[in-house]
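Here is the structure we will look at.
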Amino acid sequence: MPPRWPRGSPEALEISKGLRFEAPAIDKPAAEFVYHYRMDARGGLGGAMTLNLQPMAFLSRRLDIGFHAAFGTGPAELNGFIGYQHFASTWAVPYVRMMLGGIPAAPPGMGFNYGGELGLKLCLGPIGHLEFAAGSSRASPLHASVGLGLNAIFLLLLGLH
């Protein structure tokens with residue numbers, strides 16, 4: 001039988017603090033695939049795809065890393081990113097990301113890309129989320145996007161059929 005600490009004891013408070021930190025992220029996927037519709041400041045339409053890795057080991061899914069590819073609103077860009085997510089509730093997750101990568105079609109020596117993104121995920125539990133974001137990068141100076149993210153497990157299962 002596990003030890004029982006009296007209510008309000010330092011041990012019980014520490015355990016409850018840890019559970020409150022982890023609880024909003026428990027049912028979220030460790031890997032997501034997101035497709036975004038993007039619009040740049042000039043009204044040009046395009047898209048982007050993101051593979052987002054966010055395991056519980058990264059501060060209970062608060063830190064995320066991944067790959068981001070954008071196309072259609074200017075030169076194509078391929079980026080890696082690192083970001084931070086704040087679980088405001090079990091369904092609302094604002095985030096910020098820093099991206100570094102390349103512009104494959106750029107002339108030699110001009111292909112370095114950097115940028116950032118600020119967004120909000122509206123979570124659908126373990127299934128996925130809706131995502132709204134605004135960002136800027138060297139390849140696409142100002143853009144807004146709306147995306148649908150799916151748990152990567154569902155995509156793997158679809159691929160097996």
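The values are calculated or read from the model by the stated rules, or taken from the named source; none is laboratory data. All values derive from a computational prediction rather than experimental measurement. Virtual Cβ from ideal backbone geometry, glycine too; neighbours counted across all protein chains shown. To get the accessible areas, we keep the full protein, side chains included, count just its heavy atoms, and leave off ligands, DNA and RNA. Shrake-Rupley method; radii C 1.70, N 1.55, O 1.52, S 1.80 Å.
Against the longest alpha carbon principal axis of the chain, how many degrees, from 0 to 90 and to the nearest 10, is the axis of helix 10-22 turned? In the chain, helix 10-22 runs at an angle near 30 degrees to the longest axis. In this structure, Tyr84 and Leu130 have a Cβ-Cβ separation that, at R0 = 25 Å, corresponds to a calculated FRET efficiency of about 0.80. Coordinate range of the alpha-carbon atoms in the range 72-161 per principal axis, descending: 43, 36, 20 Å.
In the complete set of protein chains, residue-level accessible area for Ser89 is approximately 30 Å², probe 1.4 angstrom. Taking all protein chains as shown and a probe of 1.4 angstrom, Phe71 keeps an accessible surface of around 80 Å². Would you compute the Debye intensity of the range 1-73 from its alpha-carbon atoms alone, equal scatterers and no solvent, and pass along log10 I(q)/I(0) at q = 0.12, 0.17 Å⁻¹ to two decimals? With no solvent term, the Cα-only Debye profile gives -0.55, -0.77. Against the empirical curve 2.2 N^0.38 Å, the C-alpha radius of gyration of the chain lands at a ratio of 1.24. Report the FRET efficiency, 1/(1 + (r/R0)^6), for His161 and Ala30, where r is their Cβ-Cβ distance and R0 is 25 Å, rounded to 0.05. With a Förster radius of 25 Å, E is 0.70.
Per residue, the chain reaches -4000 deg cm²/dmol at 222 nm when only DSSP H runs of four or more residues are counted, each adding -39500 (n - 2.57). Relative contact order, whole percent, for the chain stands at 20, derived from Cα pairs under 8 Å and 6 or more residues apart. Averaging 1/r across all pairs of distinct Cα atoms in the range 42-123 and inverting the result yields a Kirkwood radius of 13.8 Å.
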